[in-house]
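First the structure, in the form of structure tokens, and then the observations on it.
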Amino acid sequence: MVFSSHLFLFYFLPLALLVYYAMPRRGKHVALTLLSYGFYGWANPYFVFLMLFSTVVDYFCGLVIAEAPLFGRDPIFALPKGGARIRRQKTALAVSICTNLGLLGFFKYFNFGVDSFNALAQALGQEGWDTFWRVTLPLGISFYTFQSMSYSIDVYRGDAKAIRNFTDFSCYVAMFPQLVAGPIVRFHEVATQIGRRAHTLEKFSRGTAFFALGMAKKVLLANPCGKIADMVFEAGSATALDAWFGATAYGFQIYFDFSAYSDMAIGLGLFFGFVFPKNFDSPYLSRSITEFWQRWHLSLSNWLRDYLYIPLGGNRKGARRTYVNLALVMLLGGLWHGAAWNFVLWGGIHGAMLAFERAQGKDSPYRNLPAPFRTAITFLIVTLAWVFFRAADLRSAFAFIANMFGAGPRQDGTGLVGGLIYQPYYLLFFAAAALVAWRAPQTWDFTRRLTWPKAAYCLGMLILSIVVLTSQAFNPFIYFMF
């Protein structure tokens with residue numbers, strides 16, 4: 001079930017709000033948890049048991065780490081930060097991390113591992129592993145495993161207290177607004193809100209504006225740009241102009257698709273009283289790849305920084321180790337996005353650029369250029385890297401890169417692609433996407449103080465999006481695949 005669907009808009013969401021607000025305070029988390037399990041299990045009910053298993057493991061690990069009795073009403077205190085931990089606490093943390101990474105590794109990377117092994121065996125003239133079954137990737141497993149795992153780590157570090165109420169913890173893990181595509185809400189960011197939060201008209205109004213603008217991004221910008229990208233990437237061959245147009249369109253699609261989902265998730269969270277962190281900060285305004293990752297998918301960037309980069313040593317162990325850590329984190333970040341070598345290479349490109357910029361420091365070759373040129377260079381690098389993110393495999397990615405520089409082979413019908421993608425409808429929304437990406441205010445800032453004109457604008461965008469949605473057959477959510 002996706003947010004930009006009639007099923008969600010006209011059936012699930014009204015039912016969820018009605019049930020949630022009809023419940024007494026102590027029953028709201030029960031209602032929200034059950035609704036979230038229903039939302040998650042809509043596509044495949046069996047995946048609910050997988051998420052429940054992860055939830056149960058992390059719940060008990062959190063209590064063991066906090067040295068809290070499994071039963072009772074005694075208050076649970078946060079562990080001292082930086083204090084020594086006994087073997088039982090370390091074991092509980094290891095169980096939590098290994099369980100979540102084990103689930104993620106098996107379901108996301110089993111097929112990738114088998115295919116890679118068979119490809120290597122074939123290249124060496126050997127027989128591969130003859131397996132007749134494939135593993136289906138559960139929706140959102142990349143997000144909820146990271147989110148649930150952050151609970152155990154935060155309790156272990158002393159950044160948060162463990163939760164005794166299992167329903168409260170289940171609500172945190174399963175909360176449907178950000179369950180299947182983020183933002184990755186770390187436990188210490190909402191721990192206080194889980195215990196007590198306010199439900200106000202101001203929050204609900206801002207949540208409505210967030211949701212409306214997110215819906216507009218998705219339906220009016222991401223979907224048309226996505227259609228352009230699909231036509232070019234699936235054409236087999238393209239002229240240099242068409243290839244650049246398709247790659248840029250994909251850059252707009254993935255940005256507006258994912259930031260739209262984040263906006264809608266933040267808006268839905270406000271409906272239920274939760275304030276989720278910002279997930280995007282106008283990333284295409286970045287003047288370097290370093291700045292890009294300070295603006296793009298902030299919840300993942302911060303997660304990787306706090307739970308991987310810093311524990312690896314960050315920049316505290318010398319320049320060479322810093323470059324290795326940056327490259328390793330981005331390689332793993334690429335692999336987190338998708339189980340294929342093109343995602344690994346995408347992460348490697350960004351990791352190499354981060355290390356390069358760190359090594360150059362103030363002597364960076366484009367640091368002294370005017371700001372618009374730095375922004376353009378950064379967008380160019382990001383766009384080229386997106387090709388590896390979008391392409392079906394490495395061979396397709398390199399072929400597309402060749403097309404972008406006029407070196408690709410020409411096939412019969414190559415010129416016909418232009419007749420499909422340069423239609424007024426696509427050009428209009430492509431231009432609108434560029435305008436919004438570089439000139440429009442962020443949703444986070446725009447909705448901070450709502451006025452009647454702003455409210456009317458948001459309502460108009462929501463109505464227009466719903467009207468357009470009725471005629472759109474193309475409505476994918478990219479990050480549902482990750």
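Since every read-out is calculated from the coordinates, none of them should be taken as a lab result. Note that the structure is a prediction, hence the values are computed from the model and not measured. Here the Cβ is made from the backbone with ideal geometry for all residues, glycine too, and neighbour counts use every protein chain on show.
Counting other C-beta atoms within 10 Å, and keeping those with at most 15, which DSSP coil chymotrypsin sites (Phe, Trp or Tyr not before Pro) do you find in the stretch 114-189?
In loop regions of the stretch 114-189 (DSSP not H, G, I, E or B), the sparsely surrounded chymotrypsin sites (Phe, Trp or Tyr not before Pro) are TRP129, PHE132, TRP133.
Which value in nm describes the separation of the simple spin-label points at GLN442 and ASP281, placed 7 Å from the Cα toward the beta carbon?
About 0.6 nm, to one decimal.
Rg over Rh of the stretch 290-331, using C-alpha atoms and the Kirkwood radius, what does it come to?
Radius of gyration relative to Kirkwood radius: 0.96.
Just check the stretch 226-313 against the gyration tensor rule for me: Cα atoms, a ≥ b ≥ c as the square roots of the eigenvalues, rounded for a/c under 1.5, and otherwise prolate or oblate depending on whether a/b exceeds b/c.
Oblate, because a/c is 1.5 or more while a/b does not exceed b/c.
Return the label of the correct value of P(r) over Cα pairs in 20 Å bins from 0, in percent, as calculated from the structure shown, out of [x] 23, 52, 22, 3, 0; [y] 22, 55, 22, 1; [z] 25, 62, 14, 0.
[y]
TRP452 versus SER5, label points 7 Å from Cα toward the beta carbon: distance in nm?
3.9 nm
With only alpha-carbon pairs counted, each pair once and no self-pairs, how large is the Kirkwood hydrodynamic radius of the stretch 75-221 in angstroms?
By the Kirkwood definition, the hydrodynamic radius is 18.8 Å.
Would you mind calculating the relative contact order of the stretch 229-365 from Cα pairs under 8 angstrom and at least 6 residues apart, reporting the percent as a whole number?
Over the stretch 229-365, the number comes to 14 percent.
Kirkwood Rh, the stretch 315-438, all Cα pairs: how many Å?
Hydrodynamic radius (Kirkwood, Cα only) of the stretch 315-438 equals 17.1 Å.
Where Rh is the Kirkwood radius over the Cα pairs of the stretch 126-197, the temperature 37 °C and the viscosity 0.692 mPa s, what D in µm²/s does Stokes-Einstein return?
Translational diffusion coefficient: 236 µm²/s.
Measuring from label point to label point, each 7 Å out along Cα→Cβ, what is the LEU52 to THR192 span in nm?
Result: 3.4 nm between the two label points.
Under the 0.36 nm per residue contour assumption, what length would be gained going from the current alpha-carbon distance of ARG295 and VAL19 to full extension?
95.7 nm
May I ask you to sort SER150, SER301, SER259, SER116 by Cβ crowding, counting other Cβ atoms within 10 Å and putting the fewest first?
With the sparsest Cβ surroundings first, the list reads SER116, SER301, SER150, SER259.
Quote to one decimal, in nm, the extra length available between THR136 and ALA43 on full extension: 0.36 nm per residue of separation minus the C-alpha distance between them.
Extra length from THR136 to ALA43 when fully extended: 32.3 nm.
Taking only C-alpha pairs under 8 Å that are 6+ residues apart, what is the relative contact order of the chain in percent?
Computed over the chain, the figure is 18 percent.
Placing one identical point scatterer on every Cα of the stretch 284-376 and ignoring solvent, what is log10 I(q)/I(0) from the Debye formula at q = 0.13, 0.15 Å⁻¹?
Once normalised to I(0) and log-transformed, intensities are -0.45, -0.59.
Explain nothing, just compute: Karplus ³J(HN,Hα) = 6.51 cos²θ - 1.76 cosθ + 1.60, θ = phi - 60°, for every residue of the stretch 174-189 in order, whole Hz, x for Gly and Pro.
So the Karplus estimates, Gly and Pro as x, are 9, 3, 5, x, 10, 5, 9, 8, x, x, 6, 8, 6, 4, 5, 6 Hz.
Taking square-rooted eigenvalues a ≥ b ≥ c of the alpha carbon gyration tensor, is the stretch 12-79 rounded, prolate or oblate, where a/c under 1.5 means rounded and, failing that, a/b exceeding b/c means prolate?
Verdict is oblate for the stretch 12-79.
Take the chain, mark every one of the trypsin sites (Lys or Arg not before Pro) that falls in a DSSP loop and has at most 12 other Cβ within 10 Å, then report the longest stretch left between them, sites excluded.
Between exposed loop sites, the widest span is 197-315.
Counting only GluC sites (Glu not before Pro) that are in a DSSP loop and have at most 15 other C-beta atoms within 10 Å, tell me the longest site-free stretch of the chain.
Answer - 235-482.
Using 0.36 nm per residue, how much length does the chain from ILE86 to ARG73 gain when fully extended, once their Cα-Cα distance is taken away?
Extra length from ILE86 to ARG73 when fully extended: 2.3 nm.
Taking only C-alpha pairs under 8 Å that are 6+ residues apart, what is the relative contact order of the stretch 82-226 in percent?
22 percent
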